[in-house]
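Rule-based calculations on the coordinates, nothing more; no lab input. None of these values were measured; they are calculated from a predicted model. Here Cβ is always computed from backbone atoms with ideal geometry, including for glycine, and neighbour counts include all displayed protein chains.
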Amino acid sequence: MERIPVSRLVSHTLSHFGLAMAAGLFAPTAFAAALPAAHVHDESALQAIAALPPLSLSKAVSAALAGNPDLKQFAFQLKAQSARIDGASLKPAPVFNSELENVLGTGRTRGFDAAEATFALSQVIELGDQRARRIEAARLGLGGIDVSAQAAQLDVLAEVSRQFIHVASDQEQLKLTQLATKLAERTVSEVRRRVVAAKSPEVELHRANIVLSRAQVEEEHAEHELITSRIKLAALWGASTADFGAVTADLFRLPDVGDYQALSAQLVNSPDFTRFATEARQRDAELRVAESKTRTNITVSAGVRRLQEDGDAAFVAGFSVPLFGARTAQPAIAEARALREGIETEAAAAKLKAETKLFELVQELKHSITEAEMLRDKVLPEMEEALKETEYAYQRGRYSYLEWVDAQRERVTVQRALIEAASHAHLFSAEIERLTGTALPTAGSSTPNTPNSK
């Protein structure tokens, strides 16, 4: 076996672990004492998770639709819009008018002797079907709320998919860190055996302990990441604790890409675009309301007048009409017409952005699937075989400690890259589903799911 000079070991350690750790190489006894004892994880949280019932994506979706706080607001919006409809259907209320004349003057009008008191009711008569058009515009507002609720539901479903994928990914990352810890523990055991047999320098044992300590820290961090992502998922249905076990998802069963042209054709059926048609109808109704106000309303009144001076009474009647009513309605008509005409431009711009985003997502999904399949089907099996052969060669003194550790590190790196590529594929698929409002099938299955739920 190749013997590595101490000077090279010191230089290598300086570059990788810093001055403090490198300095310990010159005091092996003190350095060994400074190493932490075998890392003991707090298993209570993981054991509690394992004892809970598993969670599928369909169950998570059902819980979110039933309990998501953001979706509950639409029930109140519908109530508010119903109140607006009731308000729009009300006729103008009659007005009671009272008037007292010829009082507290001079001469004949001194005091109240010549007072004239008039009591009358007046009523606005709406022309041009203004009330019917107000009611129509208010009722169309219900459609806008319904489309907004559908879009919000899609947002919630997409977020559930994202967080579900994150939990599934964190579960795999935790398994990977546990594997890395086991590999490091096996390395420490094997290196210790060789040091005792005087086949390896003691410095290799120190370095193996360092690798083990770092693996234990990464495993503990992965535990915290998993616990946090579970809380984020549970928050989507209003829960403050994650009262479910492991999520049942096959992260490495990849989604299909789908045809871009077919997906692009689905964009117009998404609530993000149907809202433009709903808004157009509502703007048309608002335009009709504004146009109806060109017909000037008439106010009629009727009542009685009492003449205090001679005790007589008389009937009075009248009407009033605002002047230039049609002209005062023109600004509101112009505003409503401009808002209506702007919808087509806004819809065209939104469709172009959505098509561009969809094309980008499809390309990213293709790349992630290609990367994940390459890592899963070719690179990882070869890496596992290389690790076995490297360990076998190290045990027989044909490979150095560094070569064995590098093989372990590469094995863990490949697995981590596979987890990330598979997670990205499912995340891109979820984004496509949110954008188009349609689900992509999982590879090898006719059942749409992202990720695959059991």
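Within the set of other residues whose C-beta is less than 12 Å from the C-beta of S161, count the net charge using Lys and Arg as +1 and Asp and Glu as -1. Neighbour charge sum, excluding S161 itself: -2.
Lysines within cross-link reach of K91: Cα-Cα under 30 Å, excluding same-chain residues under 8 positions apart? Leaving aside lysines fewer than 8 places away in the same chain, those within reach of K91 are K79, K293.
Considering only alpha-carbon pairs that sit under 8 angstrom and 6 or more positions apart, the relative contact order computed for region 105-213 is 15 percent. For V247, the residues whose modelled amide H falls within less than 5 Å of its own, excluding neighbours fewer than 5 places apart on the same chain, are L55. Structure note, pairs K59/K182; K232/K351; K232/K388; K232/K378; K175/K366: Cα-Cα distances above 28 angstrom occur for K59/K182; K232/K351; K232/K388; K232/K378.
Between the helical axis of 202-235 and the longest alpha-carbon principal axis of the chain there is an angle of about 20 degrees.
Between 0 and 90 degrees, the angle of helix 325-374 with respect to the longest Cα principal axis of the chain falls at about 10 degrees. Highest mean packing comes first when the peptides 202-213, 295-306 are listed by Cβ atoms within 10 Å, giving 202-213, 295-306. Binning the C-alpha pair distances of region 182-273 at 5 Å intervals from 0 yields a P(r) profile of 2, 10, 10, 9, 9, 10, 11, 10, 8, 7, 5, 4, 3, 2, 1 %, listed from the shortest bin outward.
Entry note, region 35-453: relative contact order of 24 percent, from Cα contacts under 8 Å with a spacing of 6+ residues. Among residues other than A354 with Cβ under 12 Å from its Cβ, the summed charge is 0 (Lys and Arg +1, Asp and Glu -1). For region 370-406, trypsin sites (Lys or Arg not before Pro) are listed when DSSP marks them as loop and at most 13 other Cβ atoms sit within 10 Å of their Cβ; the list is R396, R398. Using C-alpha pairs under 8 Å with a sequence gap of at least 6, the mean separation divided by the residue count of region 165-279 gives a relative contact order of 31 percent. A334 to E202: FRET efficiency via 1/(1 + (r/R0)^6), r the Cβ-Cβ distance, R0 56 Å, to the nearest 0.05? Rounded to the nearest 0.05, the efficiency is 0.05.
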